[in-house]
Amino acid sequence: MEEQTIHSDLIRGHIDAILLRILRDGDHYGYGLMKQVLTLSDGQYELKEPSLYTSLKRLEKQGSIESYWGDESQGGRRKYYRITPQGRAQYEEALAQWQWAKEIITKLLGGNDG
Amino acid sequence: MKQKNIRIFLLMLVTFLAYWFLNYGVVAELQLRRSIYEHAQTSAYFHNIQEILPYRSPYLGDASNTGNLFYHLPLHQYPMTFAIEPETCTLTVHYDTAAKTTEQVRENLAYNTLAAMAAIDNLQCIQYEFQDGTYCITRQQVEERFDVPLSALLDDTEQWEKATQHEIFLETVLAEWFPMEIDAPCSSDSQQV
Amino acid sequence: MNELERHVEKLFRHQPDTPETRELREEILSNLQAKREDLLAQGLDERAATEAAKRDIPSVDGLIDDQQTTNVERYRMACAQTVWLHCILFWIGTLPLLFTGYRWLGAVGLGLSVLSGVGYLLFWLIHPAMQGTRSLAGARRRKMIAWRIWGIFYAVAALSVAAVTFGSNLWYGTPVTIEGPYQWAVLASRFYVPLLTVLIPLTVSRFAALLPQYRVEG
């Protein structure tokens, strides 16, 4: 697995929204979410466990996601997460805010020149 | 919770009973026995000679040892001071009491003299100073009475008991050793200890 | 698999046993196992896969919500009951000392047991229903501080007793003689008396252990 990690501070503020996006498309358990993040970023960003759990806890407390236990074939159980309507709304809001911010910052930093 | 409270309370009760029994029963009993024993130790008739065996010494010079010795003999309940005269090996014991008013003073002095001379090999003479006079006794006077060296008397409790019960408490012995007060110091110089 | 279980065990060793922490344990373990399986499938050997999984979660600090909604009234009552019980245990501990010069400690034990019992009774009678949040980590911290302080205290006390008792022997090079059972008892009692204070850190420990039992659900 190639690890070309982007400066994680820039991404950290958006983890909640990123997880909501992934869950929007289907339920996942913890490791599954981490894998999805890696895949969606083309291997350029690896979400670490501590950030994952903190974020999941926060989202669940806010009511944006729900958890449930699923039985696995090997025995033991996994904790799955699904998005709630509030979560969907939160995602849309976060996406909109990001689009706006991206536009303004690009203008201010002059990223469109050359 | 309630059951636990009851159990704790019962524990407290049991502890209280144990405390009462031990403190006012057993301990008091032990203290009583001890005070009876200690009272007995003030009399030559009941004294346990084992108490002074740790203070045996060949030489008179050790003042603290001598003090300890006499604190474990009859008459120790009176304030004592000591003086040792090393050249003549004389020990002066000052008892802060009057000989006339002291119970069984002659028997106790005889006992103490024998014990001290048997314990300290080179002790030659003892002066007993009282508020109303002084007694003086020499080793020679004591040794006359016995066939064996004095220190041997302490090696065997049977010997000791025989010596104290049959020998020194005879009226003739006591009259000779400790007659009516004679102010006759054995030596003129004494160093205050 | 076992190594991952042990790792998670270690992560949660100092955490209280609540339904929340138990669920988190399970979740973390299952995710670590999934990661390990994944790495194995990608060709890493067992050792490397396990190590990689373990490395990603070195501690659970910050993941566990430390503030517990507590039934403060009942928690305090349980604490008062503990103090009462420990005072009685202290009193029992002083009973052997009745035969030594420390007899007065028996009276202290009596006094403490009665006072703490009365205090507990008063609590029982006057108990305002109260809820609040209590910090679990705070209680654990106090427990560790209490033990550390006590450890230092007893070490100092024992050393002082040893110095006073054997100091002159050490200084002058004379051999230590303990003649007879009475002297043994006196020596033992000098080390035993400061040992009785162990009930203080034990009580603080118990306070910390009791706290999770009085959490309020929801």
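Compute the FRET efficiency between C:LEU170 and C:ARG47 as 1/(1 + (r/R0)^6), taking r as their Cβ-Cβ distance and R0 = 60 Å, and round to the nearest 0.05. Between C:LEU170 and C:ARG47 the formula returns 0.65.
Specify the residue with the greatest mean-square fluctuation among B:MET12, B:MET117, B:MET80, computed from a Gaussian network of chain B linking alpha-carbon atoms under 10 Å apart. Result: B:MET12 has the largest fluctuation of those listed. Each peptide in C:81-94, C:124-137, B:128-141 receives the mean, over its residues, of other Cβ atoms within 10 Å, and ordering these scores from highest gives C:81-94, B:128-141, C:124-137.
Computed from label points 7 Å out along Cα-Cβ, the spacing between B:LYS2 and B:GLU87 is 9.3 nm. Normalised size of chain C, defined as Cα radius of gyration per 2.2 N^0.38 Å with N residues, equals 1.49. How large, in percent, is the carbon and sulfur part of the accessible surface of the protein assembly as shown at a probe radius of 1.4 Å? Looking at the protein assembly as shown in its full context, I get 57 percent from C and S. Taking amide H as placed 1.01 Å from N in the peptide plane, A:LEU47 has its amide H under 5 Å from the amide H of A:LEU38, each at least 5 places away in sequence or on another chain. Between the C-alpha center of the range B:1-38 and that of the range C:155-218 there is a gap of 23 Å. Only helical runs count toward this figure. For the protein assembly as shown, summing -39,500 (n - 2.57) over DSSP H runs of n ≥ 4 and dividing by all residues gives -18000 deg cm²/dmol at 222 nm. Measuring nothing but how far apart in sequence close Cα pairs (under 8 Å, 6+ apart) lie, relative to its length, the range B:58-153 scores a relative contact order of 28 percent. Using the Cβ-Cβ distance between C:ILE200 and C:LEU40 with R0 set to 45 Å, the FRET efficiency from 1/(1 + (r/R0)^6) comes to roughly 0.30.
Pick out which of A:ASP25, A:ASP42, A:ASP71 has the largest mean-square fluctuation in a Gaussian network model of chain A, springs linking Cα atoms closer than 10 Å. Looking only at A:ASP25, A:ASP42, A:ASP71, the biggest GNM fluctuation is shown by A:ASP71.
For the chain pair C and A, buried accessible area totals roughly 1700 Å², probe 1.4 Å, rounded to the nearest 100.
The C and B chains share an interface that buries close to 1800 Å² of accessible area, total over both sides, probe 1.4 Å. Put simply, the amide H of B:SER57, placed in the peptide plane, has neighbours under 5 Å in B:ILE120, B:ASP121, leaving out anything fewer than 5 places away on its chain.
Relative contact order of chain B, taken over Cα pairs closer than 8 Å and 6 or more residues apart, is 20 percent. Using only the Cα atoms of the range C:73-156, build the gyration tensor, take square roots of its eigenvalues as a ≥ b ≥ c, and label the shape rounded, prolate or oblate: rounded if a/c is under 1.5, else prolate if a/b is larger than b/c, else oblate. Taking the square roots of the gyration eigenvalues as a ≥ b ≥ c, the range C:73-156 is oblate.
Distance from the Cα centroid of the range C:46-87 to that of the range C:8-35 is 12 Å (rounded to whole angstrom). For the range A:8-109, the mean projected area of the C-alpha convex hull, equal to one quarter of the hull surface, is 7.3 nm². Accessible surface for the range B:22-126, divided over its residues, is 47 Å² per residue with a 1.4 Å probe.
Normalised by the number of residues in the range C:67-214, the average gap of Cα pairs under 8 Å and 6 or more apart makes the relative contact order 39 percent. The charge dipole of the protein assembly as shown, taken about its Cα centre with unit charges on the Cβ of Lys, Arg, Asp and Glu (plus for the first two, minus for the last two), comes to roughly 3400 debye. Extending 7 Å from Cα along the Cβ direction at C:ALA158 and again at A:ASP25 yields two label points whose distance is 6.4 nm.
For C:LYS10, give me every one of the lysines with a C-alpha distance below 23 angstrom, ignoring sequence neighbours fewer than eight places off in its own chain. Leaving aside lysines fewer than 8 places away in the same chain, those within reach of C:LYS10 are A:LYS48, A:LYS57, A:LYS79, C:LYS35, C:LYS54, C:LYS143. Between the alpha-carbon centres of the range B:39-66 and the range A:74-102 there is a gap of 95 Å. What's the FRET efficiency of B:LEU13 with C:PHE191 using the Cβ-Cβ distance as r and R₀ = 25 Å, to the nearest 0.05? Efficiency computed from Cβ-Cβ geometry: 0.25.
The values are calculated or read from the model by the stated rules, or taken from the named source; none is laboratory data. Please read these numbers as outputs of a predicted model, since none were measured by experiment. Positions of Cβ are backbone-derived with ideal geometry, glycine not excepted, and every protein chain shown enters the neighbour counts. To get the accessible areas, we keep the full protein, side chains included, count just its heavy atoms, and leave off ligands, DNA and RNA. Shrake-Rupley method; radii C 1.70, N 1.55, O 1.52, S 1.80 Å.
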